[in-house]
Amino acid sequence: MLWDIGGQAQFSSMRNIYFKGSQGAIGIYDITRPESLLRLPSWISSLKKATGTIPLIIIGNKKDLEEQRRVSYEDAEDLAERLDASHLETSAKDGLNVEEMFLEIAKRCYENSLKIENEEI
């Protein structure tokens, strides 16, 4: 099951309801809006308070607007590394890497479930 809870401030009070029980998360920023990347650490901090450590992938969307890019790939990679997350850039408009995004988070969730299962044995 997937929930799109939005990063806007008006949804902040509802986030913890949706975070509880999550097995993985996808944090999305807009490569043309630096403030969207800057908001991710706070969002992820709230996520981790509600879920503990779960698989996470950071997605830079709107790759089709490369000529309008204002967030460097390197800055996003650095953030992803600090957050122990994967990083990928996508375009919802033309479908670039969208399937890969879902495959990556599914793979990380599966690997995490095996790790948890082995720890319980």
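The values are calculated or read from the model by the stated rules, or taken from the named source; none is laboratory data. Because the structure is predicted, anything quoted here is derived from the model rather than measured. When we count neighbours, we look across all protein chains shown, and the Cβ atoms used for this are built from the backbone with ideal geometry, even at glycine.
Taking Leu2 as the residue in question, decide whether it is crowded, with 17+ Cβ neighbours inside 10 Å and under 30 Å from Lys115 (Cβ atoms). It is false that Leu2 is crowded, with 17+ Cβ neighbours inside 10 Å and under 30 Å from Lys115 (Cβ atoms).
Taking the conditions (1) surrounded by 12 or more Cβ atoms within 10 Å (Cβ to Cβ); (2) β-branched (Val, Ile, Thr); (3) over 15 Å from Ile105 (Cβ atoms) in turn, Thr51 satisfies each one other than (3). Only one of these is out of contact with any helix residue (DSSP H, G or I) (no Cβ under 7 Å at 6 or more places or on another chain), aromatic (Phe, Trp, Tyr), over 22 Å from Leu2 (Cα atoms) and at pLDDT 95 or above: Tyr73, Tyr110. Name it. Exactly one residue qualifies, and that residue is Tyr73.
If you go through segment 13-39 and pick out every residue that is modelled with pLDDT under 85 and over 28 Å from Ser113 (Cα atoms), you end up with 1. Among residues of segment 67-87 that are over 22 Å from Ser45 (Cβ atoms), those with a beta-carbon under 7 Å from a residue that is of a type outside the set (Lys, Arg) and assigned to a helix (DSSP H, G or I) at least six positions away or on a different chain give the pairs Arg70/Pro34. Being in a loop (DSSP other than H, G, I, E, B) and among the aliphatic types (A, V, I, L, M), is that true of even one residue in segment 40-58? Within segment 40-58, one or more residues are in a loop (DSSP other than H, G, I, E, B) and among the aliphatic types (A, V, I, L, M). Ser46 satisfies every condition listed in (1) surrounded by 13 or more Cβ atoms within 10 Å (Cβ to Cβ); (2) at pLDDT below 95; (3) of a type outside the set (A, V, I, L, M, F, W, C); (4) over 18 Å from Trp3 (Cβ atoms) except (4). Hey, among the residues in segment 84-121 that are β-branched (Val, Ile, Thr) and loosely packed, with under 13 Cβ neighbours inside 10 Å, which one's nearest to Asn61 (Cα to Cα)? Once the filter is applied, the top-ranked residue is Ile116. Across segment 86-121, the qualifying residues are those that are touching a Lys or Arg at 6+ places or on another chain (Cβ under 9 Å) and in a loop (DSSP other than H, G, I, E, B), and the one among them that is nearest to Leu38 (Cα to Cα) is Thr90.
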